[in-house]
Amino acid sequence: MSGTRISATLVVNDDRTIACMACGHALGPAGEPWKKSARLDEGPMQGAGGAPYSNAERVLLRRFFCPGCGALLDTESALAGDPFLTDIVRV
Amino acid sequence: MSQQGDARYVVATDVGGTCTDAVLFAAGEPVRLGKALSTPPDFADGVLAAVAAAAESIAIATDELLARTALFMHGSTVVDNALFTRSGARTGLITTEGFEDTLTMTRGAYGRWAGLTEDGIKHPVATDRAPPLVPGAHTRGVPERVDYKGAVLRELDEDAVRQAVRSLVDDDEVEALAVSFLWSFYNDSHERRVGELIREIAPGVYVTLSSEIAPVPGEYERASTTVINAYAGRIASDYITSLQALLRGRGYDGPLLVMQGYGGLLPAEEAAERAVGMLECGPAAGVIGSRHLGSLMEDEDIIACDMGGTTFKVGVIQGGTIDYAREPMVDRFHYVAPKIEVVSIGAGGGSIVSLDPATGVPGVGPASAGARPGPVCYGLGGNEPTLTDVMLLVGYMDPGTFLGGTITLDAERARQIFTEKVATPLGMSVEDAAIGIYRIAAAQITDLIHEITVERGLDPRDFVLHAFGGSCGLLCGVFGAELGVRRIVVPYTASVNAAFGLLSADIVHEYSVTKTLPAPSPAAEINEIYAPMLARAREQLASEGFADDAIALDWSVDLRYSRQVHEVTTPVAGGGPMDEDAVARLTADFEALYERKFGKGSAYRAAGTEMTMFRLTARGLVERPRVETAALNGADPEAALIGRRDVLVEAEGGLAPANIYDFERLVPGNVVAGPAVIHTPITTIVVQSGQSGRVDAYRNTIIERD
Amino acid sequence: MDAITFSIIRHRLFRVIDEAVITLKHVSGSAITNEGHDLMVSLYRADGSLLMGGVGFLHHLTSAAEACKAVIRRFEGDIGEGDVFLTNCPYTAALHTSDIYLVAPIHHDGRLVAWSACFVHVYDIGAMVPGGFSPDSRDIFTEGFSSPGIKLVEGGTMRRDVMDTLLNMVRAPEMVALDLSSMIAANNVARERMGALIDKYGAEPVDEACAALVDQSETLFRKRLRELPDGRWEARQYFDIEDETCRVLLAMTKEGDELTFDFTGSSPQSHYGINCTYWASWGGFFAPLFPLLCYDITWNDGVLRPIKMIAPEGSVVNCTRPAPVSLATVGAIQSVNNAACTCIAKMLSASEKYAKEATAVWHGSHFAIFMFGLNQRRQEAIGILTETFGGAGGARTWADGIDVGGEIPNPIGRMANVETTEATFPVRYLFRRARPDTGGPGRWRGGNSIEFALVQHDSPEGGINYVVSGKGTEFSMSEGLGGGYAGAPCAYRWVHNNEAGEAGRNVNPFPTELDEMTGEAETISWGVFPLKGEDALYVRSDGGGGFGDPLEREPARVQADIESGMVSEGVAASVYGVVMANGAVDEDATRARREALRATRLATPMAAE
């Protein structure tokens, strides 16, 4: 995959768009938050990784997927209503 | 163990990573040296080659020499090698149920950082554990439990043991088994029973019990030791057995004595069961040799240095006694076995000189050009400047006389590569840069020695420095002076350090009992602890042919202040059995030792003192001929003067003319005034200005301040 | 300064610290210092700025610099040769009162040329709870004695009045005296060795080399920062204490060769002692920064120069006196560590060159259990269970996290043997092992954590007490990276075997799993609890964060994890999409399962909705 790497899963292409490193699916303009362009599964952290995930029920695991290929692009632990974490890389 | 028939030689061979050394001597004859390349994995070939080389110097065949040999002493790196190359047995571990991960967890990060350099430790993301010798899948927990007093809380479940052994042997196809239970050093009944069951169910499997190989507290280190022994056990025993057979086949019918890491010898049959004992036995032998040389020269406080191609090693002898390492490791694995402490840094003749790519700051080692391709000046294809090349550039080595003239050094190429890779980038002249690198190496060595002496509360100025190894003589005049040691001895046997050490070693059995008693405790109680150890030791040594007058039994006790973690092994003055006075004396001696080791004010006495381990060192004193001394001649070394050239004279801060001598032509009694360089067939000795070098009656070179 | 002399002096400075650390361990003789390496010795320049940091608990490298500077301000004109000053006030420099700094000026020819400083976590500090960790403290006044600066040694002579006063305020004064002696001895060694260095090379050249060393670190660090992309990265840490939920929010901005750590938006300070002070937050992000970004650069003031911090006053990361802070080191400071690790790792993973240096969070909760009571020999025993130093590695971008592999801020910690703890405290372990499925799933799996259980054994008082300072039970604090999941959270259970026995049930004395225990397991996380009679304490620490998409993990690695018992088959199927059949990976079923899981993902709503 061409483009300039901006995270473990994303690149910025020559046309200044952020894209999935795995499939090239575009996720919005470079320098902007991209997570809204991803698919999101937000569910309880409890049990998400197996039995020892005995987190409180209110604790959520957010998983952001590439709408193109379903690759898992990023995760967050969150309480409901807390904003997405925003990472901006200027390349 | 007396000499038999007309046999009269004592032969010692040491198998190192690169070379195998042999030393032989007999009453009335000088010491002879032999050297050959080591030949892994069939090390015995190299052993015979080194013996042949030594035999050649007295013009007899190897078989004849062996037929006339009374004692054959041997040290080998075979077990270290088995671990480094991961060529040991497929091994399983049986341990207390609930604690199956003890070995693989390595006390947390300990196994991840231990054995790394400071640079490695500062970079945790790049670190990992070594893959364990026994993977988690080959570990079985069985129900049993003993507590901190040695009381059985839960009986051993023998059916579970049988099942574990069968599945390890049948399903996992293990060839060796280690057994290590919690608190087994206080109560070994469960381990012994498991040993019996294994021998019953799977008689072909090699077994090691932790309570036999390492009966000491600390389940992680104990299990690790047990596993190492099981893993390398068969290799060690096969090696020793086949060496013994080989020697028998060549006409030797005396005992084969094998060196242990604690600096004593064991008869072959016993050594074969204690693979872990052979670890690092070469460096240990070197320190033992140093102690022996010191006793001949009446020096009891010695810093024993050995600098070869890749490392600089140092051990410390204080008052004739040698400290054991606190947390020994082999490769990245911990073990507990009495082992003479020898610390090292990657600074040897082959160490590569390089500039840090980011900062341009020069450094020496730890990377090494090894024997192949070796230093640039050897002309064997080496392309990285090494410390040996620097020695050539500062004038210490003579291109024409290196190793008795067997290799001609390529000074031109060494100069060219050094200029390109070091001097030019540093913006310095070749000479200045080479002198600077020399100083960095000397400073690193000074710092290392400082560290290991200061760590024990010792002042290097009270010590004599022994300079063994091919490269040590080139630097010892400088770092010895900075440390302020009393004098420097470059031994005649400098190049065969470990083999020489074997010659001076005795048969030594170490026994210990772990038990906590307050100090003082009634002497009778202590004597009772020793009784079974003494009986075992006497029986053992008697079976090895030692009469009562050739047996020495040294008692020592580990003591500590009850709220502090540091334990100090304290010798029982006057040996045992003890009376109440001796117990009081022991406590007093401990206090003095503690203060000396850890500094004034370090002891916290109010919570009391306790004894934690009772040790017995049983020595069978090996009879050996005396090394002959030569008559002393006049001081004038004129007859050995072979030239004069510019060399680094540290006090001048640069190159200056110095006399060059041929060691072979120096005679005992000669005194060489510094600055001077003495070339021996194997190494070079540099005497700095303000120092003089005297050849003593053993042909050692003694460097002293004027 | 020529490169040769510089190289030698730099090496010698390392050795000065080494020897001082050895001395400190020798004299102290305590388990937390010797086993846990919960200590630090470093050298500072005449103005108190960091010259060379040793490998110890890294939060302290910068905080001890503040301790030096505070002493310089407070004692101006009264700093003499052979003096040693004590500071443990968290609002001046220290992390919490239990971590005492002793700082000592180094003079040469009558001139102040440098400082040495060290710390140990002392045996007791006179707080509400023995050992110092005081869950019930509501202000700094109940957290033991606290000095912004006092001269303990004057001209080489101990000030008896000061020492006696300090020792009069603590439990087990003899053990505290030993801790203080060990630090004095370490400072003495540092002073002597620095003196020898200056004697040999001269005061000017040594000073010049020190200045060059600091400049060199700055140059190298700025160069590294320029190699990394500009940007702004966010991290968020939650922790719960009783009824409170705290957030530590971090936005790290990198521009050119400068970094800013901005904690704006973090929660107001807590009622509980998990807060940390300004300098503790400052040290808190340097602890991961040094090893993650400066692994090949000397740790000194040069690394500090390109860094700015914004920490709102009155927040959990910059609390206002007299807020309590006794649990700061396992509280807010740990969250600052974790958030900084995440932001730095995200920045590193945005670089082709440095992605291999990125790591998910290690040992996020830094759980700590402090024990106190009489031991089997009727001695007062106070101390931490060293399993806290066991930790769990975060996954790297090229390798799994290390099971029970430690932590980043204390690079050479380790835990004690079971036999050591059973000999020191009146307890018996029921089991101690790595806990499967605790490491965060990912293409590279987070390191699994440790689980263990204890009962009292041979206690002269029928038991002992312990402090649980337990954030990290509701929230996973070891965040994942690049799609990796956070590690599993901690769990603490007080297993009521006593009640089970009273109710007539047979108490199982040898359970090897939590599930095999007889009594009801009560979830606990905060406070002081008894370990008495037949009751048991079960602890599971949190796993390391994972890296990358679990569906991308090579099936062979999942199989190896199943074989070694580190991952269950259930998790292999549900999270990794790896289906096993007869002990081997079922390739077809795995492919199908992974496709199905991807399809489920593609059926999720857009995040914007």
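Within region C:470-492, is even one residue more than 13 Å from every other protein chain (Cβ to nearest Cβ), touching a strand residue (DSSP E or B) at 6+ places or on another chain (Cβ under 8 Å) and not in a loop (DSSP other than H, G, I, E, B)? No, region C:470-492 has no match at all. Residues in region B:561-584 that are open to solvent by less than 50 Å² (accessible area, probe 1.4 Å) and either in a loop (DSSP other than H, G, I, E, B) or within 14 Å of chain C (Cβ to nearest Cβ) (or both): B:561, B:562, B:563, B:564, B:566, B:568, B:572, B:573, B:575, B:576, B:578.
Within the set B:524, B:542, the sole residue that is farther than 13 Å from residue B:619 by Cα, among the small types (Gly, Ala, Ser) and surrounded by fewer than 19 Cβ atoms within 10 Å (Cβ to Cβ) turns out to be B:524. Within the set C:167, C:228, the sole residue that is within 14 Å of chain A (Cβ to nearest Cβ), surrounded by fewer than 22 Cβ atoms within 10 Å (Cβ to Cβ) and modelled with pLDDT of 95 or more turns out to be C:228. Residue C:371 meets all of the listed conditions (1) open to solvent by less than 10 Å² (accessible area, probe 1.4 Å); (2) hydrophobic (A, V, I, L, M, F, W, C); (3) more than 13 Å from the chain's Cα centre (by Cα); (4) within 12 Å of chain B (Cβ to nearest Cβ) but one, namely (4). Hey, any hits in region C:585-598 for a residue that's in contact with a helix residue (DSSP H, G or I) (Cβ under 8 Å, 6 or more places away or on another chain), more than 12 Å from chain A (Cβ to nearest Cβ) and under 28 Å from residue B:140 (Cβ atoms)? Yes, region C:585-598 contains a residue that is in contact with a helix residue (DSSP H, G or I) (Cβ under 8 Å, 6 or more places away or on another chain), more than 12 Å from chain A (Cβ to nearest Cβ) and under 28 Å from residue B:140 (Cβ atoms). Take the conditions of a type in the set (D, E, K, R), surrounded by 24 or more Cβ atoms within 10 Å (Cβ to Cβ) and at the interface with chain B (Cβ under 9 Å from one of its Cβ atoms) and apply them to residue C:432. Does it pass? It is true that residue C:432 is of a type in the set (D, E, K, R), surrounded by 24 or more Cβ atoms within 10 Å (Cβ to Cβ) and at the interface with chain B (Cβ under 9 Å from one of its Cβ atoms). When you scan region B:654-672, do you find a residue that is over 27 Å from residue B:628 (Cα atoms), part of a loop (DSSP other than H, G, I, E, B) and open to solvent by less than 50 Å² (accessible area, probe 1.4 Å), even just one? Scanning region B:654-672, I find no residue that is over 27 Å from residue B:628 (Cα atoms), part of a loop (DSSP other than H, G, I, E, B) and open to solvent by less than 50 Å² (accessible area, probe 1.4 Å), so the answer is no. Scanning region C:27-48 for residues that are more than 14 Å from chain B (Cβ to nearest Cβ) and open to solvent by 10 Å² or more (accessible area, probe 1.4 Å) yields C:45, C:46, C:47. Just name the residue that is farthest from the other protein chains (Cβ to nearest Cβ) out of those in region A:9-32 that are open to solvent by 20 Å² or more (accessible area, probe 1.4 Å) and of a type in the set (A, V, I, L, M, F, W, C). Among residues in region A:9-32 that are open to solvent by 20 Å² or more (accessible area, probe 1.4 Å) and of a type in the set (A, V, I, L, M, F, W, C), the one farthest from the other protein chains (Cβ to nearest Cβ) is A:26.
Could you tell me whether any residue of region C:520-541 is crowded, with 17+ Cβ neighbours inside 10 Å, among the charged types (D, E, K, R), assigned by TED's automatic domain parsing to the domain that holds residue C:461 and under 16 Å from residue C:451 (Cα atoms)? Yes, region C:520-541 contains at least one residue that is crowded, with 17+ Cβ neighbours inside 10 Å, among the charged types (D, E, K, R), assigned by TED's automatic domain parsing to the domain that holds residue C:461 and under 16 Å from residue C:451 (Cα atoms). Considering only region C:560-584, state which residues are assigned to a helix (DSSP H, G or I), open to solvent by 40 Å² or more (accessible area, probe 1.4 Å) and not aliphatic (A, V, I, L, M). Matches in region C:560-584: C:563, C:569, C:570, C:574. Checked against (1) under 15 Å from the mean Cα position of the chain (by Cα); (2) basic (Lys, Arg); (3) open to solvent by 30 Å² or more (accessible area, probe 1.4 Å), residue A:35 passes all but a single condition, namely (3). Residue check: residue A:58 meets all listed conditions (1) under 26 Å from residue C:523 (Cα atoms); (2) at the interface with chain C (Cβ under 7 Å from one of its Cβ atoms); (3) open to solvent by 60 Å² or more (accessible area, probe 1.4 Å) but one, namely (2). Only one entry of B:453, B:493, B:408 meets the criterion of being touching a residue at least 40 places away in the same chain (Cβ under 8 Å) and closer than 30 Å to residue B:47 by Cα, and that entry is B:493. For region B:324-342, residues that are more than 14 Å from chain C (Cβ to nearest Cβ) and either over 30 Å from residue B:107 (Cα atoms) or in contact with a Lys or Arg (Cβ under 7 Å, 6 or more places away or on another chain) (or both) total 4. Could you list all residues from region C:494-515 that are under 30 Å from residue C:362 (Cβ atoms) and within 14 Å of chain B (Cβ to nearest Cβ)? Across region C:494-515, the qualifying residues are C:511, C:512, C:513, C:514, C:515. Among residues of region B:343-375 being out of contact with any Leu (no Cβ under 8 Å at 6 or more places or on another chain) and within 11 Å of chain C (Cβ to nearest Cβ), the one that is farthest from residue C:223 (Cα to Cα) is B:356.
With a requirement of 3 or more residues that are of a type in the set (Val, Ile, Thr) and within 24 Å of residue C:277 (Cβ to Cβ), the helices (runs of 4 or more DSSP H) lying completely within region C:1-86 that satisfy it span C:59-74. In the set B:376, B:394, B:422, only one residue is touching a Lys or Arg at 6+ places or on another chain (Cβ under 7 Å) and open to solvent by less than 40 Å² (accessible area, probe 1.4 Å); that residue is B:376. With respect to the conditions (1) touching a His at 6+ places or on another chain (Cβ under 9 Å); (2) hydrophobic (A, V, I, L, M, F, W, C); (3) open to solvent by less than 10 Å² (accessible area, probe 1.4 Å), residue B:702 lacks only one, and its number is (1). Within the option set B:139, B:127, being among the polar types (S, T, N, Q), at the interface with chain C (Cβ under 10 Å from one of its Cβ atoms), crowded, with 16+ Cβ neighbours inside 10 Å and closer than 30 Å to residue C:356 by Cα holds for one residue only, B:127. Residues that are more than 27 Å from residue C:535 (Cβ to Cβ) and within 7 Å of chain B (Cβ to nearest Cβ) within region C:407-429 comprise C:408, C:411, C:412, C:413, C:414, listed in sequence order. Taking interchain pairs and intrachain pairs at least six residues apart, which have beta carbon atoms under 8 angstrom, with the first residue in region B:179-203 and free of Cβ contacts under 8 Å to residues at least 12 places away in the same chain and the second not charged (D, E, K, R)? Correct list of pairs: B:199/B:207. Residue C:404 passes every criterion in (1) within 9 Å of chain B (Cβ to nearest Cβ); (2) surrounded by fewer than 24 Cβ atoms within 10 Å (Cβ to Cβ); (3) part of a loop (DSSP other than H, G, I, E, B) apart from (2). Within region C:332-356, the residues that satisfy the criterion of being touching a residue at least 24 places away in the same chain (Cβ under 8 Å) and either on the phi > 0 side of the Ramachandran plot or surrounded by fewer than 24 Cβ atoms within 10 Å (Cβ to Cβ) (or both) are C:348, C:351, C:353, C:354, C:355, C:356.
The values are calculated or read from the model by the stated rules, or taken from the named source; none is laboratory data. Values in this document were obtained by computation on a predicted structure and should not be read as measured data. Here Cβ is always computed from backbone atoms with ideal geometry, including for glycine, and neighbour counts include all displayed protein chains. These area figures cover heavy atoms from the full protein model, side chains too; ligands, DNA and RNA do not enter into them. Shrake-Rupley method; radii C 1.70, N 1.55, O 1.52, S 1.80 Å.
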